[in-house]
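Comments concern the structure below.
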Amino acid sequence: MQETRKQTVVARWANSKKFMMSATEYTGIVVGKEATDSEYVISDGVIAPSGFIPDHYHLWEDQTFHIIEGQLEAKIGDEVIQIGCGDTVHCPRGVSHYMKNIGEKEARLISYIFPGDWAEDFMAETSNQNKSGVHDFKLIEQRFGVIYL
C-alpha cells in the first residue's frame, strides 16, 4: 500500500457551504480539493422545482452527477433525456450539459468534478456574480474554463 496525502471526510449535507449557482440552484462543497490532493471535488446540489443548471461545458474538467432525489430533464451533448433517483450521468470535458427540475419537489444530486483544482473558486465566483447581478462570463471562461451556452 502506498502512502496518501488524501484525508478521510465525513460530511453532512446540511453543513456544506452553499454557493448560488443560479437563482434556483445551490451547490455545496462536501469534499474539497484539500482532502483529495486536488484530484477531485465532491459537491451536493439542490435544484428548486422548475429550476435548472444552465447549459454549459467545461474545458478542463470531467463531471459526474448522481441523482439522489427528484425528476430532471437533462440535455447531455445533443441528447435530451429524463433522469431521476438512482441515475448517474457522466459528462467528459467538452460535452455540454443542462438539467431542469421537472418535478414538484426539490431535486438533490451529488457531483464529482475531476480534477478539483479550481471547482470551489469557480463556485464562489459564480455565486458572487449571481448575488450581485453583475455577470462576467468572459472571466468565468478564462479563469475556470467554463463556457455558458
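The values are calculated or read from the model by the stated rules, or taken from the named source; none is laboratory data. Predicted model, so just to flag it, every value in this text is computed and none were measured. Quick reminder, even Gly has a Cβ in these numbers, built from the backbone with ideal geometry, and neighbours come from all protein chains shown. Only protein heavy atoms, including side chains, enter the accessible area calculation; ligands, DNA and RNA are left aside. Shrake-Rupley method; radii C 1.70, N 1.55, O 1.52, S 1.80 Å.
Quick look at the values:
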quantity: Shape category assigned to the range 101-149 from the gyration tensor of Cα positions, a/c cut at 1.5; calculated: oblate
quantity: Lys pairs, the chain - Cα-Cα below 15 angstrom, 8 or more residues apart or on other chains; calculated: 4
quantity: Estimated distance in nm for a label pair at residue 134 and residue 73, the labels positioned 7 Å out from Cα along Cα-to-Cβ; calculated: 3.5 nm
quantity: Residues residue 56 and residue 85, FRET efficiency given R0 of 35 Å [Cβ-Cβ distance, rounded to 0.05]; calculated: 0.90
quantity: Placed amide H near residue 103: partners under 5 Å, 5+ positions off or other chain; calculated: 50, 71
quantity: Net lengthening on full extension, residue 15/residue 141 (0.36 nm per residue, minus Cα-Cα); calculated: 42.4 nm
quantity: Distance (nanometres) between label positions extended 7 Å along Cα→Cβ at residue 64 and residue 104; calculated: 3.4 nm
quantity: Estimated dipole of the chain in Debye, rounded to 20 [Cβ of Lys and Arg +1, of Asp and Glu -1, Cα centre]; calculated: 340 debye
quantity: Whole-Hz couplings from phi, Karplus 6.51/-1.76/1.60, listed for the range 22-36; x for Gly and Pro; calculated: 7, 4, 10, 9, 10, 10, x, 8, 8, 10, x, 4, 5, 7, 10
quantity: Solvent-accessible surface (1.4 angstrom probe) belonging to residue 105, in square angstrom, nearest 10; calculated: 150 Å²
quantity: Sorted peptide list for 51-58, 91-98, criterion being average Cβ within 10 angstrom, highest first; calculated: 51-58, 91-98
quantity: Over the range 50-117, equivalent-ellipsoid semi-axes from the Cα gyration tensor in Å; calculated: 20, 13, 10
quantity: ³J(HN,Hα), Karplus 6.51/-1.76/1.60, whole Hz, each residue of the range 128-144, x for Gly, Pro; calculated: 4, 5, 5, 5, 7, x, 10, 9, 10, 5, 5, 4, 4, 5, 5, 7, 10
quantity: Solvent-accessible area per residue for the chain (1.4 angstrom probe, square angstrom); calculated: 56 Å²
quantity: Size-normalised alpha-carbon gyration radius of the range 11-146, reference 2.2 N^0.38 Å; calculated: 0.97
